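Report on the structure given below.
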Amino acid sequence: MDVSIIVVNYNTEKLILNCLDSIYEKTEGLDFEIIVVDNNSPNKPQVLKVDSRIEYIQSETNLGFGKANNLGAQYAKGKYLFCLNPDTILINNAVKELYKFMIEHKDIGICGANLYQANMSAGHSYEMLSPGIRQEIINSRHCSSKRYNEDFNITKSPKEVAHVVGAALMISKKLFNEIGGFDKDFFMYLEETYLCYQVKQKGYRIYNVPSAKIIHLEGQSFTLKTKFEDMFFDGRKTYLTKVYGKSYYYLSNFVYSINCFLNIVYLLFRGKKTEMQINLYRLRKTIAIFK
């Protein structure tokens, strides 16, 4: 089998059904399977349990994103794993495009698609810098760099990146198993970033493939923005501590807090209340770390 598509579900029944429909509609010329891991959703998608086309796995607990994908990978028969968010819709034969790229480039460890928003505008698909102090400085609103701030490939050529967004990520099953899958210390957010880091440590490269096109309804699987922020902060702490150590983590937070404060002042004068409130929440979270 060529590819095992792993989709992790948690209370996203309507979204995941649209996602699965798009896979069957757009994917051709490929021997693939779909594995759905339900993260102990309160509202379990009953229709998926009886769909004979799907390998349905019920987790007894909410494992988070990475560990749920690890569970799905244990059942995978494909040579390649494609981790796909339930809040995605395939625009074209994206899985085949990514698979072809991986087959033709053995030095590539992970590749990802170009992600679009619901209105087909450019979406967050990758990062040119890994999380850390350098990223905080260069990607700040006040030291903006087009070279590093880009997160969507407007060209037709694949591009080497620091890491791809985990909403649509392909890796060989062999390499995935060698690394040990997604790190178990992450619950949600930045586990794909750390996976890319581990892959690069083994000498492989990370690429965005713009010919693979997928809509990502980012954030629609969450109802509380603060919950997202809290989980992101936890993932960020785990990543920075693992890669750089605890002292670096605190120094990075100091730089991050300065950026948040400057953003608040900027957004206040621009009248962007919602963005200002988000940055204020982030600033409070960061200050609390030092207490």
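Give me the one-decimal nm value for the distance between modelled label points at residue 75 and residue 228, 7 Å along each residue's Cα-to-Cβ direction.
2.9 nm
So what are the ³J(HN,Hα) numbers for region 269-280, from phi and the Karplus equation (6.51, -1.76, 1.60; θ = phi - 60°), rounded to whole Hz, Gly and Pro as x?
6, 8, x, 9, 5, 4, 4, 5, 5, 5, 5, 5
Let me understand the chain better: what is its radius of gyration from the alpha carbons, and its Dmax, in angstrom?
Rg and Dmax of the chain, Cα atoms, are 18.9, 56 Å.
Please give the per residue volume of the convex hull enclosing the alpha carbon atoms of region 6-149, rounded to a whole number of Å³.
Residue-normalised Cα hull volume stands at 156 Å³.
With the alpha-carbon atoms as the only input, what is the per residue convex hull volume for region 225-289 in Å³?
68 Å³
Set the Förster distance to 45 Å, then compute FRET efficiency between residue 157 and residue 265 from the Cβ-Cβ distance, nearest 0.05.
The calculated FRET efficiency here is 0.70.
Using 14 Å as the cut-off for backbone N distance, which residues of region 1-40 belong to the label zone defined by a point 7 Å from the Cα of residue 49 along Cα→Cβ?
38-40
Counting only DSSP beta bridges with both residues in the chain, tell me the antiparallel percent, nearest 5.
Taking every DSSP beta bridge with both residues in the chain, the antiparallel ones total about 40 percent.
Among the GluC sites (Glu not before Pro) within region 17-113, which fall in a DSSP loop and have no more than 14 other Cβ atoms within 10 Å of their own Cβ?
28, 60
If R0 is 25 Å, what FRET efficiency do you get for residue 30 and residue 106 from their C-beta distance, rounded to 0.05?
0.85
Rounded to whole Hz and in sequence order, give me ³J(HN,Hα) for region 14-21 from the Karplus expression 6.51 cos²θ - 1.76 cosθ + 1.60, θ = phi - 60°, writing x for Gly and Pro.
Coupling constants for region 14-21: 5, 5, 5, 5, 5, 4, 5, 4 Hz.
I'd like the distance between the alpha-carbon centres of region 1-54 and region 76-94, rounded to an integer number of Å.
Centre-to-centre distance over Cα atoms comes out at 9 Å.
Run the quick spin-label model on residue 61 and residue 185: label points 7 Å from Cα toward the beta carbon, then report their separation in nm to one decimal.
The answer from the label model is 1.8 nm.
Taking θ = phi - 60°, what integer Hz values does the Karplus form 6.51 cos²θ - 1.76 cosθ + 1.60 yield along region 165-176, in sequence order, with x for Gly and Pro?
Those phi angles translate into 6, x, 5, 7, 10, 10, 8, 5, 5, 4, 5, 4 Hz.
Could you sort the peptides 62-68, 264-270 by per-residue average Cβ neighbour count (10 Å cutoff), highest mean leading?
62-68, 264-270
What nm distance separates the two modelled labels at residue 205 and residue 284, each placed 7 Å from Cα along Cα→Cβ?
4.5 nm
Taking K and R as +1 and D and E as -1, what net charge do the other residues with C-beta under 9 Å from the C-beta of residue 285 add up to?
Counting the neighbours of residue 285, the net charge comes to 0.
Only the coordinates and a few stated rules stand behind these numbers; no lab work does. These numbers were taken from a predicted model, which means no experiment stands behind them. Heads up, the Cβs are rebuilt from the backbone with ideal geometry, glycines too, and the neighbour counts pull from every protein chain shown.
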